[in-house]
Each structure stands twice: as structure tokens, then as C-alpha cells.
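Shown next, in C-alpha cells, is the structure this report addresses.
The values are calculated or read from the model by the stated rules, or taken from the named source; none is laboratory data. All values derive from a computational prediction rather than experimental measurement. So basically every Cβ, Gly included, is an ideal-geometry build from the backbone, and we count neighbours across all protein chains shown.
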Amino acid sequence: MPFPEVRLRRLRSTESMRNLVRENHLQPAQFVLPLFVCEGEGVRREISSMPGNAQMSVDRIVDECREIHSLGIGGVILFGIPDQKDEIASGGSAENGIVQRAIRAIKREVPRLLVLTDVCNCEYTSHGHCGKVVDGDVDNDATLEWLAAAAVSHARAGADIVAPSDMMDGRVGAIRKALDRDGYSKIPILAYAAKFSSAFYGPFREAAESAPQFGDRRSYQMDPANAREAMREIELDIEEGADMIMVKPAMPYLDLIRAAHDRFDVPIAAYQVSGEFSMIMAAVRNGWLDYERTMMETLISIRRAGAQIILTYFAKDAAKLL
Ligand code: PBG
């Protein structure tokens, strides 16, 4: 039955009517806020390209986590900014590394807030690449040991979920094996399965001080042109033992979030990355976009595409509106 009998506007007439028929919802419990933890005490260094975000020392991170938890946000994902970097990323798996100390402090003070850790080497290597560099390229198999060691050290410190973001082949299997061997069979892996070599990571590299000193990440992160390959990446990570998978960035890759959701019966996460956040903030600051509406529209679009879990720098402000 066409128009005039059918009128879709009937169900849009009032706020209550729209609420009744709304298909997708956002929940703070499914947000994860990225945090940057640095050395020192009482330190809060604003990140100029990411307004409202800062590098924080462990004590400040703990205070921040109390507020994050009180807003109902599900978890935080930690990125470490060590004072010392070296060729072999030793800070990444150190018992007393910056992230390991932050995990212990957060779990002691705010135990019910989930602590996720980004498992990667780029913040800890002097050259800024995500693994061991051999002949000018990242050596896959040698890097697996570093990643497994980092993941185990996070679990030992009390992390709830480890999230490898390096894009080495075989890392999920290597991490699963190491966790199980050391008694952490209960710790889930959220694999950054389809992670693209993206210009949208620009502001993050300032925030995490992790820009590669030579070359780029195209020999390990994915080509933005490839969708079918993303499905293979996801499939392999699930086979190797990933409990959840992630698509990253989020907005330019909504098609892949949808495809992953339709194809794989594991929870799907999406990372709305630094550049997605910063470009919105830039437009908001120029008065070109409305902050709240734009933020909520981007988040619901990611949800609608099929992501349950959203990693986003908007987590706090969005939670306040929900
Ligand atoms: C580490 C890592 C990166 C991001 C998350 N984990 C940077 C990169 O791969 O260069 C980017 C997150 C963001 O842009 O918000 N490898």
C-alpha cells in the first residue's frame, strides 16, 4: 500500500513516538575510553591536537578512572608513554613498566572498571615501529615473542582484556598460547583484526609519541582499499583464539563493521580513532558543527553498522548525555 495510505512521518511525530521505534541504542557500558599514561606524579599534559585528552601520570589516571567508572563507562584502554625507549621495546613488557603500574593502580582503586591494554611495541621502540626491525622492515616472527611477553606482563599486572594492535601474522595465537601457559587462560583477547594503515592515526602519534622514525606501517597494517582481505584477517584471528575482534578506524570503515557483524558471531568492536575525533573537534571549534549532535550521530552510526563495543575519545561526554 503506497502513499497516501502509507506515511512514514506518522512514527516521527513526537519525541515519545521516535523513542518507541528507535532501532539502535548506545550504552556507556559498551564504551571504552583510551587513556595515555606517562611517568611522574600529578602530571596532566594536554594533547593539543585532541582537545580534552591528556597524557596523565598514574595517580591522575586513577582519579580519572573513578570519574569514568561513575559515568557507567565500561572500560579504559591504556597506552603507555615510557621515559626510555630502546631498539627492543623492553619497556613494553617490564614488570614495572608504565602501563603495568597503571593497571595495578587502577585495579586496586577502581576494581570494577574494565582495564584493557593495547599490546604493541611502537610506543616502546626508539624507531617507533611496532616490532623488531631487521633490514629496514619489521620482522614478523621475532616480534611475536615481544608481543606475547607484553600481553603476559599486562595479565600479571591485572589487566582484564588484552588487545593486540600490531598486525603481525600469528600474534593472536602466540599471545593465547603464552597467556594459557602462564595461567591466564581466563583473560580474553580483543584482536585489532582489521586495522588499516590510516592517516586518521595522526593525532594519536603525537599523543603517544609513537610516530615511526623512518618509513611507514604499510608493510603490516592493511591497505584501505581491501575489504575481502579484512574478512580473512578477522577469520584468522578468530581461528587463533580471538574472543572479540575490532575494526579500526570506525567511520571510514562502516561497511566492514557491517560485514564483520553479519559474518562472525563474536562481539564486534570499532575504534573511533584520534583523527576521527580531532576533525570533529576542529569543526566544532570553528562553529561549523554542533558538538553534541555530531558526536552522538557518529557514535550511533558505528553502533548501527554493527559494533557493540565502541572505543572512543568521546566516551565521557557521550555517557553524560545518555
Ligand atoms: C598502536 C596503536 C595506534 C593506534 C592505536 N594503537 C597507532 C598506530 O598504529 O600508528 C591509533 C589510535 C588512534 O589514532 O586513536 N599501534
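I'd like to check something: does the range 188-202 contain any residue that is modelled with pLDDT under 95, within 11 Å of the ligand (Cβ to nearest atom) and either basic (K, R) or buried (at least 24 other Cβ atoms within 10 Å of the Cβ) (or both)? No - not one qualifying residue is present in the range 188-202.
Taken as a whole, the structure places R217 among residues that are over 15 Å from the mean Cα position of the chain (by Cα), surrounded by 18 or more Cβ atoms within 10 Å (Cβ to Cβ) and within 10 Å of the ligand (Cβ to nearest atom). Taken as a whole, the range 282-290 holds no residue that is within 23 Å of G74 (Cβ to Cβ) and free of Cβ contacts under 8 Å to residues at least 60 places away in the same chain. For the range 154-164, a residue qualifies if it is within 16 Å of the ligand (Cβ to nearest atom) and in contact with a Lys or Arg (Cβ under 6 Å, 6 or more places away or on another chain), and exactly one does: P164. For A174, the conditions (1) under 25 Å from A260 (Cβ atoms); (2) within 16 Å of the ligand (Cβ to nearest atom); (3) surrounded by fewer than 24 Cβ atoms within 10 Å (Cβ to Cβ) are fulfilled apart from (2).
For the range 166-176, the criterion of a residue being within 20 Å of V37 (Cα to Cα) and under 18 Å from the mean Cα position of the chain (by Cα) is satisfied by at least one position. Report, by residue number, each residue of the range 250-271 that is buried (at least 22 other Cβ atoms within 10 Å of the Cβ) and either of a type in the set (F, W, Y) or under 15 Å from the mean Cα position of the chain (by Cα) (or both). Across the range 250-271, the qualifying residues are A250, Y253, I257, I268, A269, A270, Y271. Here is a check on your reading of the model: is E95 more than 16 Å from the ligand (Cβ to nearest atom), of a type in the set (D, E, K, R) and assigned to a helix (DSSP H, G or I)? Taking the combined requirement at face value, the residue does not satisfy it. Does A211 meet the test of being modelled with pLDDT under 95 and either within 12 Å of the ligand (Cβ to nearest atom) or of a type in the set (K, R) (or both)? Here the answer is yes, as A211 does meet what is asked.
Whether any residue in the range 180-190 is among the small types (G, A, S) and either in contact with a Pro (Cβ under 9 Å, 6 or more places away or on another chain) or in a helix (DSSP H, G or I) (or both) is what I want to check. No, the range 180-190 has no match at all. Selection within the range 220-229: residues that are touching a helix residue (DSSP H, G or I) at 6+ places or on another chain (Cβ under 8 Å) and either among the charged types (D, E, K, R) or outside any loop (DSSP other than H, G, I, E, B) (or both). The member of this set that is surrounded by the most Cβ atoms within 10 Å (Cβ to Cβ) is M222. Examine the range 163-179 for a residue that is within 19 Å of Q221 (Cα to Cα), β-branched (V, I, T) and part of a strand (DSSP E or B), and state whether such a residue exists. Within the range 163-179 (the criterion being within 19 Å of Q221 (Cα to Cα), β-branched (V, I, T) and part of a strand (DSSP E or B)), the answer is no, since none of the residues qualifies. Evaluation of A142 against the conditions (1) small (G, A, S); (2) more than 26 Å from Q30 (Cβ to Cβ); (3) within 16 Å of the ligand (Cβ to nearest atom) shows that the sole unmet condition is (3). Find all pairs meeting these conditions: Cβ atoms under 7 angstrom apart; at least six residues apart or on different chains; first residue within the range 245-256 and touching a residue at least 24 places away in the same chain (Cβ under 8 Å); second residue buried (at least 24 other Cβ atoms within 10 Å of the Cβ) and among the hydroxyl-bearing types (S, T, Y). Sorted first by the residue in the range 245-256, then by its partner, the pairs are M246/Y192; M246/Y271; V247/Y253; K248/Y192; K248/Y271; P249/Y271; A250/Y271.
The helices (runs of 4 or more DSSP H) found entirely in the range 242-322 that carry 2 or more residues being closer than 24 Å to F36 by Cα are 274-285, 291-305, 315-321.
For R112, are the conditions met, namely being over 19 Å from A211 (Cα atoms), buried (at least 18 other Cβ atoms within 10 Å of the Cβ) and basic (K, R)? For R112, the condition - over 19 Å from A211 (Cα atoms), buried (at least 18 other Cβ atoms within 10 Å of the Cβ) and basic (K, R) - is not met.
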